[in-house]
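> Let me give you the structure first, and then I'll get to my questions.
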Amino acid sequence: MRESVSLTIDGQEIRAPKGMAVLEAAKIAGIRIPHYCYHAGLEVVGSCRMCLVEIEKSPKLQPSCATPVAEGMVVRTTTPQAIENRRSVLEFLLANHPMDCPVCDQAGECELQNYYMAHGRFDARHDEDKTKRKKAVVLGPHIMLDQERCILCTRCVRFTRDIARTAELGVISRGHRSVIDVFPGRELNNAYSGNVADLCPVGALTDRDFRFQCRVWFLGSAPSICPGCSRGCNIEIHYNRRFNPRYHDRRVHRLKPRWNPEVNGFWICDEGRYAYRAIDAPDRLKVPALRREGGLRRASWPEALGEAAGALQGVLEAFGPGGAAVMVSPQMSDEELFLARRLFGERLGIERIAGRAPAPASAFDDGLLVRADKNPNTRGMNIVFPGVGDCRDLIEACAGGSVRYLHIFGHDLARWNDPGRLAEALRQVECVVFEGAWDSPTARLADVVLPAAVYAEKDGTFVNFQGRVQRFEPAVPPPGEALTDLDILARLASALEAGPFESTASGLFGELARRVPEFSSLTWQALGPMGRWLADAGNDHAV
């Protein structure tokens, strides 16, 4: 148990862990001390001088970011001296800062704007020309630099040096000529470069992908989990609340990291950050389809589900459960996997269920956040389906003619199968049902196509490789006529007269917790925004 001390901040007596910075302790009391250079995930440098506070018995103002709490300490954050210091720092920062807020991408989430509105010296005393520096400089594939806006907080420099460990950025020159820039012959192109735009408290470093796309006050936010690998980084999905398809706008504009000390800390990788484009990709499946006259033709949901149910029922009657097979996916949520188990495994008796697939040739583990397993729920799939089969073995069974009905959840089998051999194998199956979100060679070989929602359009849970169960929430509705996998499975069960089943994520999680020992200590509500450990998870969890 960490030792704690008692102190008073602005008249409130609080207890804080010994060694904690005064700035962090103030948050316990609901007091936010303005700051620029300080970030909880970076080394403390105390250079911006914005967070100075009065501490009783200290002869001068102290930096709250670098001063540890002590027993009996009395801190005052809003004294005339502290307020005057903030006004002076802001005046100094704005001496050469351009007044381009109306066209700055950071407007609406800029700490220079926010603090100046609260503390600013509105009767400006400078009428000299501002120093001109570089504008709109491309630092790398994702980041743009505007040196005129930079306040030299050095967050970006410390991030590339200490977190990404690539050290592309530095403070160039000295004194009033100091600027942030890439070192000669370098570019900002590491696997985590997008984080510097999140770190920048002003508009000096902006995301080229988001730049001039949408004002931040038009964005809504939903907590979610990155599905890009088995780390399960906590993210926020920022979506356009004023989305209008007539303007060919994007529904989802960006992903931002969401703090979770047990999983990803403050960061996400660029691979996960920019994968949001797939949510509104042109190849999204939006309507059900049936194979007619040699091609896939649009169908209604009752027609598509009726065809799939009729084919499956016919195979079960003619060949028994051994004639059907299911290919689940580690991209599915725990609730979707559990409902698939209940319908196909428990109710219909199908035993040939596969889900393991070979990793892409480019898969890698960087030792920081990125994992070689590019699925968010491999551990969850292995718990819900113990001993789940290999997808390659199931394809071989299809080629041998022993599978008459195959239900595929999302897999693009062409990624690790010869296209010709895959087509030949699936031709041996009387009915192939593809349930997924994107068009693919596998979807085009199916007899029934069921368009499904992606993670940003539904709720559920994933289990990351460490054994942490984490919830995600919907940000936007599915496009076109697409439905969530839970809705599709519930409707399929109804068409098969095999239901009814619970079809809400929260209800299914409750059933999962009652029936699967690893989930027994968990409830939907208790997961909260940061998740909880499985009952069998180990002790060494932290990032």
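The values are calculated or read from the model by the stated rules, or taken from the named source; none is laboratory data. None of these values were measured; they are calculated from a predicted model. Methodologically, a virtual Cβ is constructed for each residue, glycine included, from the backbone with ideal geometry; neighbour enumeration extends over all protein chains shown. When the accessible area is computed, the model is the full protein with side chains, heavy atoms only, and any ligands, DNA or RNA have been set aside. Shrake-Rupley method; radii C 1.70, N 1.55, O 1.52, S 1.80 Å.
> Please find, among His238, His176, the residue that is within 14 Å of Arg254 (Cβ to Cβ) and either open to solvent by less than 30 Å² (accessible area, probe 1.4 Å) or modelled with pLDDT under 95 (or both).
Working: His176 fails: within 14 Å of Arg254 (Cβ to Cβ).
The unique qualifying residue is His238.
> Given the conditions (1) open to solvent by 20 Å² or more (accessible area, probe 1.4 Å); (2) over 28 Å from the mean Cα position of the chain (by Cα); (3) modelled with pLDDT of 95 or more, report the number of the one that Gly170 does not fulfil.
(1)
> Shifting gears a bit: Could you list, in sequence order, all residues of region 29-44 that are modelled with pLDDT of 95 or more and either assigned to a strand (DSSP E or B) or aliphatic (A, V, I, L, M) (or both)?
Hits for region 29-44 are Ile31, Ile33, Ala40, Leu42, Val44.
> Okay, moving on. Is it true that Glu473 is at pLDDT 95 or above, touching an Asp or Glu at 6+ places or on another chain (Cβ under 7 Å), open to solvent by 10 Å² or more (accessible area, probe 1.4 Å) and over 14 Å from Leu339 (Cα atoms)? Before you say what the answer is, go through the steps one by one.
Values: at pLDDT 95 or above: yes; touching an Asp or Glu at 6+ places or on another chain (Cβ under 7 Å): yes; open to solvent by 10 Å² or more (accessible area, probe 1.4 Å): yes; over 14 Å from Leu339 (Cα atoms): yes.
Answer is yes for this residue.
> Something else: Within region 441-453, count every residue that is part of a loop (DSSP other than H, G, I, E, B) and open to solvent by 10 Å² or more (accessible area, probe 1.4 Å).
Of region 441-453, the ones part of a loop (DSSP other than H, G, I, E, B) are 446-447, 453.
Among the residues that remain, those that are also open to solvent by 10 Å² or more (accessible area, probe 1.4 Å) are: 447.
Qualifying residue count for the region: 1.
> I'm trying to understand the selection: among the residues of region 206-235, which are open to solvent by less than 10 Å² (accessible area, probe 1.4 Å) and farther than 29 Å from Arg471 by Cβ?
Thr206
> OK, next. In this structure, does Ile408 turn out to be part of a helix (DSSP H, G or I), β-branched (Val, Ile, Thr) and over 17 Å from Ala278 (Cβ atoms)?
Numbers: part of a helix (DSSP H, G or I): no; β-branched (Val, Ile, Thr): yes; over 17 Å from Ala278 (Cβ atoms): yes.
So Ile408 does not fit the description; no.
> Could you identify the single residue in Asp365, Asp393, Asp373 that is of a type in the set (Asp, Glu), free of Cβ contacts under 8 Å to residues at least 24 places away in the same chain, farther than 23 Å from Gln313 by Cα and open to solvent by 30 Å² or more (accessible area, probe 1.4 Å)? So that I can check it myself, show each step before the final result.
Details: Asp393 fails: free of Cβ contacts under 8 Å to residues at least 24 places away in the same chain; Asp373 fails: free of Cβ contacts under 8 Å to residues at least 24 places away in the same chain.
On inspection, the qualifying residue turns out to be Asp365.
> Quick one: in region 67-108, of everything that is assigned to a loop (DSSP other than H, G, I, E, B) and open to solvent by 60 Å² or more (accessible area, probe 1.4 Å), which residue is nearest to His39 (Cα to Cα)?
Kept after step one, since they are assigned to a loop (DSSP other than H, G, I, E, B), are these residues of region 67-108: 67, 69-73, 77-79, 94-100, 104-108.
Of the ones still in play, those that are also open to solvent by 60 Å² or more (accessible area, probe 1.4 Å) are 71, 78, 99.
Details: Glu71: 24, Thr78: 21, Met99: 26 Å.
By that ranking, first place goes to Thr78.
> Output the number of residues of region 485-527 satisfying the condition of being closer than 25 Å to Gly349 by Cβ and in contact with a Lys or Arg (Cβ under 7 Å, 6 or more places away or on another chain).
2
> Among the numbered conditions (1) open to solvent by less than 10 Å² (accessible area, probe 1.4 Å); (2) among the hydroxyl-bearing types (Ser, Thr, Tyr); (3) more than 25 Å from Ile237 (Cα to Cα), tell me where Thr461 comes up short.
So the condition that Thr461 fails would be (3).
> If the requirement is being open to solvent by 70 Å² or more (accessible area, probe 1.4 Å) and touching a residue at least 24 places away in the same chain (Cβ under 8 Å), which of these qualifies: Glu317, Glu346, Glu303, Glu351? So that I can check it myself, show each step before the final result.
Working: Glu317 fails: touching a residue at least 24 places away in the same chain (Cβ under 8 Å); Glu346 fails: touching a residue at least 24 places away in the same chain (Cβ under 8 Å); Glu303 fails: touching a residue at least 24 places away in the same chain (Cβ under 8 Å).
Exactly one residue qualifies, and that residue is Glu351.
> How many residues does region 142-171 hold that are part of a helix (DSSP H, G or I) and of a type in the set (Asp, Glu)?
Taking region 142-171 as the starting set, the residues that turn out to be part of a helix (DSSP H, G or I) are 147-149, 155-163.
Going one step further and asking which of them are of a type in the set (Asp, Glu), we end up with 148, 162.
Of the residues in region 142-171, 2 are part of a helix (DSSP H, G or I) and of a type in the set (Asp, Glu).
> Ok, one more. Where residues in region 280-298 are touching a residue at least 12 places away in the same chain (Cβ under 8 Å) and assigned to a loop (DSSP other than H, G, I, E, B), which of them is nearest to Ala493 (Cα to Cα)?
Within region 280-298, the subset touching a residue at least 12 places away in the same chain (Cβ under 8 Å) is 280-281, 283-291, 296.
Filter once more, keeping what is assigned to a loop (DSSP other than H, G, I, E, B): 281, 283, 285-288.
Working: Ala281: 30, Asp283: 28, Leu285: 22, Lys286: 21, Val287: 20, Pro288: 17 Å.
The residue in question is Pro288.
> While we're here: Pick out the one residue from Gly410, Gly420 that is under 20 Å from Leu305 (Cα atoms), of a type in the set (Gly, Ala, Ser) and either at pLDDT below 95 or crowded, with 16+ Cβ neighbours inside 10 Å (or both). Write out each step before concluding.
On the way: Gly420 fails: under 20 Å from Leu305 (Cα atoms).
Only one candidate qualifies: Gly410.
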